[in-house]
Amino acid sequence: MNMRRIKEYFIYLLIMFISIISILFALTKPSKEKPILPIDVGLNHTFDSISQVKFSGKVVNFGVVPADTVLKAKFILYNVGKYPLKIEGVNPDCSCTDYFLSDDIVSVGDSTLLVLIYSTKDKLGEQELHTIIKMNTTEKMYKVTLKADIES
């Protein structure tokens, strides 16, 4: 192996290690349960209530990238509705994509960070990956997209 490949492999392993530690930390830290407060007096809200979401963007195009790298795409989801936003599921269409979600319940006026982690290992050429996000909004499912042109 040449020195460049060794460095790339080391960086890949380091990023994967940090990602796994971050996810494990997020899963093991005590949850901060946020109370769901009624907006109007006498009106109780549940996650059956329809909220509204706004995305910072729905497509991340990395352009040309080297093979065997790890790409991270960040999406910010803003709760612009009148009710708490509940992210019920995040489903990447490929096992080569993992994700991290900073919070699955978003208070009114608040936001959450969704990071998609894509490994280009064993991939070549133009790639387009989709992830479906399910929420308690009128449109139940949203699609975000990652694009990359992977060179050898």
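A quick yes/no check of all residues on (1) among the aromatic types (Phe, Trp, Tyr); (2) in contact with a Leu (Cβ under 9 Å, 6 or more places away or on another chain); (3) farther than 14 Å from Ile76 by Cα; (4) at pLDDT 95 or above:
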{"site": "Tyr99", "(1), (2), (3), (4)": "yes, yes, no, no"}
{"site": "Ile105", "(1), (2), (3), (4)": "no, yes, no, no"}
{"site": "Val108", "(1), (2), (3), (4)": "no, yes, yes, no"}
{"site": "Ile117", "(1), (2), (3), (4)": "no, yes, yes, no"}
{"site": "Lys123", "(1), (2), (3), (4)": "no, no, yes, no"}
{"site": "Thr138", "(1), (2), (3), (4)": "no, no, yes, no"}
{"site": "Val144", "(1), (2), (3), (4)": "no, yes, no, yes"}
Positions within region 106-124 being touching a Cys at 6+ places or on another chain (Cβ under 9 Å) and surrounded by fewer than 16 Cβ atoms within 10 Å (Cβ to Cβ), in sequence order: Lys121, Asp122
So in region 65-110, with the set limited to residues that are touching a helix residue (DSSP H, G or I) at 6+ places or on another chain (Cβ under 8 Å) and among the β-branched types (Val, Ile, Thr), which one is farthest from Arg4 (Cα to Cα)? Val70
Just a yes or no: is a residue in region 111-119 part of a loop (DSSP other than H, G, I, E, B) and either among the charged types (D, E, K, R) or out of contact with any Lys or Arg (no Cβ under 6 Å at 6 or more places or on another chain) (or both)? no
Where Leu146 falls short, out of the listed (1) closer than 19 Å to Val53 by Cα; (2) touching a Phe, Trp or Tyr at 6+ places or on another chain (Cβ under 6 Å): (1)
Any residue at all in region 125-136 that's touching a residue at least 60 places away in the same chain (Cβ under 8 Å) and surrounded by fewer than 17 Cβ atoms within 10 Å (Cβ to Cβ)? no
If you take the residues of region 137-152 that are crowded, with 16+ Cβ neighbours inside 10 Å and more than 15 Å from the chain's Cα centre (by Cα), which of them is farthest from Phe62 (Cα to Cα)? Thr137
Asp103 without any contact (Cβ under 8 Å) to a residue 24 or more places away in the chain and either buried (at least 16 other Cβ atoms within 10 Å of the Cβ) or not charged (D, E, K, R) (or both): yes
From the list Gly89, Gly63, Gly57, exactly one residue is surrounded by fewer than 14 Cβ atoms within 10 Å (Cβ to Cβ) and not in a strand (DSSP E or B). Which is it? Gly57
Do the conditions hold for Ala73, that is, is it under 30 Å from Leu14 (Cα atoms), small (Gly, Ala, Ser) and in contact with a Gly (Cβ under 9 Å, 6 or more places away or on another chain)? no
May I ask you to list the residues in region 66-86 that are among the basic types (Lys, Arg), closer than 16 Å to Tyr142 by Cα and either over 14 Å from the mean Cα position of the chain (by Cα) or surrounded by 13 or more Cβ atoms within 10 Å (Cβ to Cβ) (or both)? Lys86
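The values are calculated or read from the model by the stated rules, or taken from the named source; none is laboratory data. Please read all numbers here as calculations on a predicted model, not as lab measurements. Backbone-built Cβ (ideal geometry, glycine too); neighbour counts: all protein chains shown.
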